[in-house]
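K.L.:
Handing you a structure now.
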Amino acid sequence: QVQLVESGGGLVQAGGSLRLSCAASGRTFSNWAMGWFRQAPGKERDIVAVINWNGGSTFYTDSVKGRFTISRDNAKVYLQMNSLKPEDTAVYYCAAFTTPIYSTMMTPGYWGQGAQVTVSS
């Protein structure tokens, strides 16, 4: 069984930065595409960013392009969030796709428990 654990959430003022981290236990995720999703109150969970197994390709939703950066190393997946806006406020979830390459609309096989990110205006 794979467990994903997020860390690094918190409260920040608009324009500030946060970095989320995701660590896995139970098995390595080095051969999997990994992603970050977010869910704001009353809204659906939406994809934010994805990185393929070797870091060679990334995907970002339009609203975070140029502000967020997804990266990975052998142990963790990261989401660097800069120039944060109040509309970025959400619970952020780490996700594992269990395949090396991400394709549009692919569903993750594993989810983390979520990390709250709150951006004040």
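The values are calculated or read from the model by the stated rules, or taken from the named source; none is laboratory data. Here the structure is a predicted model, which means the values were calculated and not measured. Every residue, glycine as well, gets a Cβ built from its backbone with ideal geometry; the counts of neighbours run over all protein chains shown. When the accessible area is computed, the model is the full protein with side chains, heavy atoms only, and any ligands, DNA or RNA have been set aside. Shrake-Rupley method; radii C 1.70, N 1.55, O 1.52, S 1.80 Å.
K.L.:
Before we move on, is Arg27 outside any strand (DSSP E or B) and either loosely packed, with under 13 Cβ neighbours inside 10 Å or among the basic types (Lys, Arg) (or both)?
P.N.:
Judged against the criteria, Arg27 is a match.
K.L.:
Among the numbered criteria (1) open to solvent by 20 Å² or more (accessible area, probe 1.4 Å); (2) farther than 13 Å from Gln39 by Cα; (3) part of a strand (DSSP E or B), which one does Val119 miss?
P.N.:
The number of the failed condition is (1).
K.L.:
So Pro41 ticks every box in (1) at positive phi; (2) open to solvent by 70 Å² or more (accessible area, probe 1.4 Å) but one. Which box is left unticked?
P.N.:
(1)
Okay, residues lined up against (1) modelled with pLDDT under 95; (2) open to solvent by 40 Å² or more (accessible area, probe 1.4 Å):
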| residue | (1), (2) |
| --- | --- |
| Val48 | no, no |
| Thr58 | no, yes |
| Asn82 | no, yes |
| Thr104 | yes, yes |
| Thr107 | yes, yes |
| Trp111 | no, yes |
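K.L.:
Then there's this: Scan the stretch 38-64 and report the pairs whose first residue is free of Cβ contacts under 8 Å to residues at least 24 places away in the same chain and over 17 Å from Met105 (Cα atoms) and whose second residue is open to solvent by less than 60 Å² (accessible area, probe 1.4 Å) and part of a strand (DSSP E or B), with Cβ atoms within less than 7 Å and a gap of 6+ or a chain change.
P.N.:
Note: pairs meeting the criteria are Gly55/Ser71; Gly55/Arg72.
K.L.:
Any idea which of (1) open to solvent by 20 Å² or more (accessible area, probe 1.4 Å); (2) within 19 Å of Arg19 (Cβ to Cβ); (3) in a loop (DSSP other than H, G, I, E, B) is the one Tyr78 doesn't satisfy?
P.N.:
Only one criterion is unmet by Tyr78, namely (3).
K.L.:
Within the stretch 86-97, take every residue that is surrounded by 15 or more Cβ atoms within 10 Å (Cβ to Cβ) and not aliphatic (A, V, I, L, M) and give me the one that is nearest to Asn52 (Cα to Cα).
P.N.:
Phe97
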